[in-house]
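To keep things clear, I will list the structure first and then write my remarks on it.
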Amino acid sequence: MHASLALLLFLVPHLIAAVPTGFAPGISARSSPSTAAVSQDVVSSELTRPAFHARAVYCSTASVTALSCGAPCQALQGVNVITAGGDGGETPRFYIATDPSIQAVVVAHQGTDPENLLSDANDVEIAHVTMNTTLFPGAAKGVEVHDGFQATQGRTADLVLSTVKSALSSSGFKTVLVTGHSLGAAVAVLDATMLKMQLSSDISIKSVTFGQPRVGNQAFANMVDSLLSGFVRVTNQHDIVPIVPPELLGYEQVSGEIHITTVDSTTGVATLVSCPGQENSNCADSNSILNVSIANHLGPYFNGISFGAAACPA
Ligand SMILES: *[C@@H]1O[C@H](CO)[C@@H](O)[C@H](O)[C@H]1NC(C)=O
Ligand SMILES: *[C@@H]1O[C@H](CO)[C@@H](O)[C@H](O)[C@H]1NC(C)=O
């Protein structure tokens with residue numbers, strides 16, 4: 001309550017500055033394509049394993065490396081963590097692992113405290129800048145991404161790329177899964193883009209993210225859509241992180257939204273819909289930046305899975 005109020009007070013001046021007179025935040029004039037139900041089979045086969053990784057990466061590097069991070073690690077039996085690092089601050093935690101259950105090399109990135117994410121997304125380094133052409137050699141002119149998100153991704157990019165290459169070669173797997181929650185989701189979409197540009201075309205790059213903010217401009221969203229077919233970003237009810245930074249500042253979501261409309265508080269079972277297009281007004285795009293729900297950003301998402309340090313042993 002107190003945290004939400006502080007956040008709201010923080011955001012309001014930005015909104016007033018960003019919103020031209022006559023516009024109401026969160027209300028889109030466009031009509032969006034209809035949603036379609038997502039089955040529980042898709043939740044178990046496509047979304048749950050990425051969520052387990054995006055959850056475990058919040059735990060300490062030592063505990064994840066030893067697969068001794070309590071329930072989050074017990075859900076990841078058989079996984080072999082190859083490299084893990086980060087400081088939980090300027091460089092969020094990350095790991096690269098092999099996961100035989102999905103025959104994939106996995107890259108997972110930790111998120112940040114939601115209030116830090118919202119202040120980063122809205123304030124400090126709000127500008128979108130051109131992509132680093134060393135990491136993203138295929139980025140076309142006009143493609144721009146959030147300065148702060150790109151800086152965070154750049155701190156681990158070289159290690160991620162070299163470790164993924166060696167893990168693919170030693171495991172023989174042909175698939176890379178990239179995942180993360182919150183800021184970790186922003187880093188994940190950048191990593192997936194980098195890996196798609198840099199790895200050979202017989203490697204399949206899959207990415208599933210949770211509570212992902214907008215990462216770049218319209219040209220970036222279009223580029224990601226064309227490079228990463230099958231990309232999925234899960235949005236939870238009234239979470240506002242997926243609608244920051246604002247479209248009015250030139251940001252646009254990538255396609256692939258799966259939106260959680262309700263979560264049964266007794267069974268943990270979520271109702272989900274797929275939302276065609278980049279910004280679908282039947283889904284997270286209709287959320288109001290004035291109705292801040294930190295709870296929906298952290299979870300539970302489906303089947304009791306929440307993100308953040310709370311699930312990790314002290
Ligand atoms: C671009 O990425 C390369 C490789 O990580 C790095 O050495 C270089 O400093 C980056 N350039 C900028 C401008 O950040
Ligand atoms: C605001 O968010 C809460 C969840 O935190 C939700 O229950 C409520 O329906 C939302 N209100 C509006 C007007 O969207």
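For the reader, a short list of remarks on this structure follows.
- Selection within segment 50-65 - touching a helix residue (DSSP H, G or I) at 6+ places or on another chain (Cβ under 8 Å) and hydrophobic (A, V, I, L, M, F, W, C): F52, A54, A56, V57, C59, V64
- Within the set L15, L118, L5, the sole residue that is within 19 Å of V189 (Cα to Cα) and at pLDDT below 95 turns out to be L118.
- When the residues of segment 120-133 are filtered to those that are hydrophobic (A, V, I, L, M, F, W, C) and buried (at least 20 other Cβ atoms within 10 Å of the Cβ), the one that is nearest to ligand 2 (Cβ to nearest atom) is A121.
- Verdict on F149 being touching a Pro at 6+ places or on another chain (Cβ under 8 Å) and aromatic (F, W, Y): yes
- Selected residue (criterion: farthest from ligand 1 (Cβ to nearest atom)) from residues of segment 164-177 that are surrounded by 19 or more Cβ atoms within 10 Å (Cβ to Cβ) and outside any strand (DSSP E or B): F173
- A single member of F136, F149 is in a loop (DSSP other than H, G, I, E, B) and either within 16 Å of ligand 1 (Cβ to nearest atom) or surrounded by 22 or more Cβ atoms within 10 Å (Cβ to Cβ) (or both), and it is F136.
- Some residue of segment 102-115 being within 11 Å of ligand 1 (Cβ to nearest atom) and under 17 Å from V187 (Cα atoms): no
- Neighbours by Cβ (under 6 Å, 6+ apart or cross-chain): first from segment 221-246, in contact (Cβ under 8 Å) with a residue 12 or more places away in the chain and within 18 Å of F302 (Cα to Cα); second away from ligand 1 (no atom under 16 Å from the Cβ) and of a type in the set (F, W, Y): V234/F210; N236/Y301
- Members of segment 241-269 that are at pLDDT 95 or above, within 17 Å of V208 (Cα to Cα) and out of contact with any Cys (no Cβ under 8 Å at 6 or more places or on another chain): P242, Q253, V254, S255, G256, I260
- Every listed requirement among (1) out of contact with any strand residue (DSSP E or B) (no Cβ under 9 Å at 6 or more places or on another chain); (2) buried (at least 23 other Cβ atoms within 10 Å of the Cβ); (3) within 24 Å of L228 (Cβ to Cβ) is met by N280 save one, (1).
- Between G230, G211, the distinction of being of a type outside the set (V, I, T) and touching a Phe, Trp or Tyr at 6+ places or on another chain (Cβ under 8 Å) belongs to G211 only.
The values are calculated or read from the model by the stated rules, or taken from the named source; none is laboratory data. Note that the structure is predicted; figures quoted are calculated from it, not measured. Here the Cβ is made from the backbone with ideal geometry for all residues, glycine too, and neighbour counts use every protein chain on show.
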